[in-house]
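Asker: Below is the structure I would like to discuss, written out as structure tokens.
The values are calculated or read from the model by the stated rules, or taken from the named source; none is laboratory data. From a predicted model like this one, the values you see are computed outputs, not experimental measurements. Cβ placement follows ideal geometry from the backbone for every residue including glycine, while neighbour counts extend to all protein chains displayed. Ligands, DNA and RNA are stripped out before the accessible areas are found, and what is left, the full protein with its side chains, is counted by its heavy atoms. Shrake-Rupley method; radii C 1.70, N 1.55, O 1.52, S 1.80 Å.
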Amino acid sequence: MINLIGDNTVTLRAALRTAIAKVNDMHRDTCALDLEAVPASTVVMVRERGDLLDYLVLSDSVLVLDLGKKGIQVITDKRVEEVASEEMRAALQGPTGTPEHTARVSALVTVQRRLRNQPGGYWVAATNPAAADETITGTVNIAQVQQAALLTDGASRLVDSFGVLSWAQLLDLLHTEGPAALIARTREAEFTDPVGERWPRFKRSDDATAAYVCVG
């Protein structure tokens, strides 16, 4: 992927499409690529291209762009939250960690898998290269960009799920203390509400990854 996006003549969508196809080829002889439960990932990336910054987002990872006087722009793909709404509401009923809650989450996952990478469903990077065509993409003038954060949904939840921070405060935390501090703050908040009473969620903690870029 790094080699692909390093070529400015290749669009980010084309790079992702090629990367998925190449991973398929690596595993075609040893893995059942047509199963519903194949590994899958959300995607968020940025690329500097001369005076421009290209971006791509697929599924519920989050890109936060500080555009200075134009404010903060947040890009994410929430289609996964728009499918299986009845099962999702049930899965958000606590307390987390109970057998009943685990069963409701499992029922949600079962329905979501049937809708994954399907028209009218939602899209992730799994085995279908066509997912690349469903990404949210865009380009901004790099001179406008002050800073950027690339976040999995487990690293964005202090803002978009818990409401503990604003996006500006999250960027300030990343700038002053770095990604490890953001994740530590997230874990601290989660531990104050272990069963999801204050902040209903599918599990107490989620995978959290954050990358921060300061421009200029």
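Asker: Scanning segment 78-90 for residues that are touching a helix residue (DSSP H, G or I) at 6+ places or on another chain (Cβ under 7 Å) and farther than 15 Å from residue 153 by Cβ, which turns out most open to solvent (accessible area, probe 1.4 Å)?
Answerer: Taking the candidates together, the pick is 87.
Asker: Report every pair of residues separated by at least 6 positions or lying on different chains whose Cβ atoms are under 7 Å apart, first residue within segment 98-109 and closer than 9 Å to residue 87 by Cα and in contact (Cβ under 8 Å) with a residue 40 or more places away in the chain, second surrounded by 14 or more Cβ atoms within 10 Å (Cβ to Cβ) and of a type outside the set (Val, Ile, Thr).
Answerer: That search, which allows pairs on different chains as well, returns 105/91; 105/202; 108/84; 108/87; 108/88; 108/91.
Asker: Tally up the residues in segment 181-211 that are within 19 Å of residue 44 (Cα to Cα) and either of a type in the set (A, V, I, L, M) or more than 19 Å from the chain's Cα centre (by Cα) (or both), please. Even if it seems obvious, please write down each step before you answer.
Answerer: First, pick out the residues of segment 181-211 that are within 19 Å of residue 44 (Cα to Cα): 182-183, 206-211.
Next, from what is left, pick out any that are either of a type in the set (A, V, I, L, M) or more than 19 Å from the chain's Cα centre (by Cα) (or both): 182-183, 208, 210-211.
Qualifying residue count, segment 181-211: 5.
Asker: Take segment 1-57 and flag every residue that is under 21 Å from the mean Cα position of the chain (by Cα), free of Cβ contacts under 8 Å to residues at least 40 places away in the same chain and loosely packed, with under 13 Cβ neighbours inside 10 Å.
Answerer: If the condition is that a residue be under 21 Å from the mean Cα position of the chain (by Cα), free of Cβ contacts under 8 Å to residues at least 40 places away in the same chain and loosely packed, with under 13 Cβ neighbours inside 10 Å, then 2 is the only one that fits.
Asker: Go through (1) under 16 Å from residue 186 (Cα atoms); (2) crowded, with 22+ Cβ neighbours inside 10 Å one by one and return the number of the condition residue 132 breaks.
Answerer: For residue 132, the exception is condition (1).
Asker: When segment 162-216 is examined, which residues are found to be assigned to a loop (DSSP other than H, G, I, E, B) and among the hydrophobic types (A, V, I, L, M, F, W, C)? If you could, list the steps in order and put the result at the bottom.
Answerer: Taking segment 162-216 as the starting set, the residues that turn out to be assigned to a loop (DSSP other than H, G, I, E, B) are 162-166, 178, 192-209, 215-216.
162, 164, 165, 195, 199, 202, 208, 215 - these are the residues of segment 162-216 that are assigned to a loop (DSSP other than H, G, I, E, B) and among the hydrophobic types (A, V, I, L, M, F, W, C).
Asker: Turning to a different aspect of this structure: Return the only residue of 76, 96, 102 being of a type outside the set (A, V, I, L, M) and in contact with a Lys or Arg (Cβ under 8 Å, 6 or more places away or on another chain). Steps first, please.
Answerer: Details: 76 fails: in contact with a Lys or Arg (Cβ under 8 Å, 6 or more places away or on another chain); 102 fails: in contact with a Lys or Arg (Cβ under 8 Å, 6 or more places away or on another chain).
None of the others qualify; the one that does is 96.
Asker: Right, next: Quick one: would you say residue 156 is at pLDDT 95 or above, open to solvent by 20 Å² or more (accessible area, probe 1.4 Å) and not charged (D, E, K, R)? Full working, then the answer.
Answerer: On the way: at pLDDT 95 or above: yes; open to solvent by 20 Å² or more (accessible area, probe 1.4 Å): no; not charged (D, E, K, R): yes.
No.
Asker: Testing residue 180 on (1) open to solvent by 20 Å² or more (accessible area, probe 1.4 Å); (2) in contact (Cβ under 8 Å) with a residue 12 or more places away in the chain, one condition comes back false. Which one is that?
Answerer: Going through the list (1) open to solvent by 20 Å² or more (accessible area, probe 1.4 Å); (2) in contact (Cβ under 8 Å) with a residue 12 or more places away in the chain, residue 180 breaks only (2).
Asker: Please find, among 38, 46, the residue that is modelled with pLDDT of 95 or more and within 25 Å of residue 154 (Cα to Cα).
Answerer: Numbers: 38 fails: modelled with pLDDT of 95 or more.
None of the other options fit; the residue is 46.
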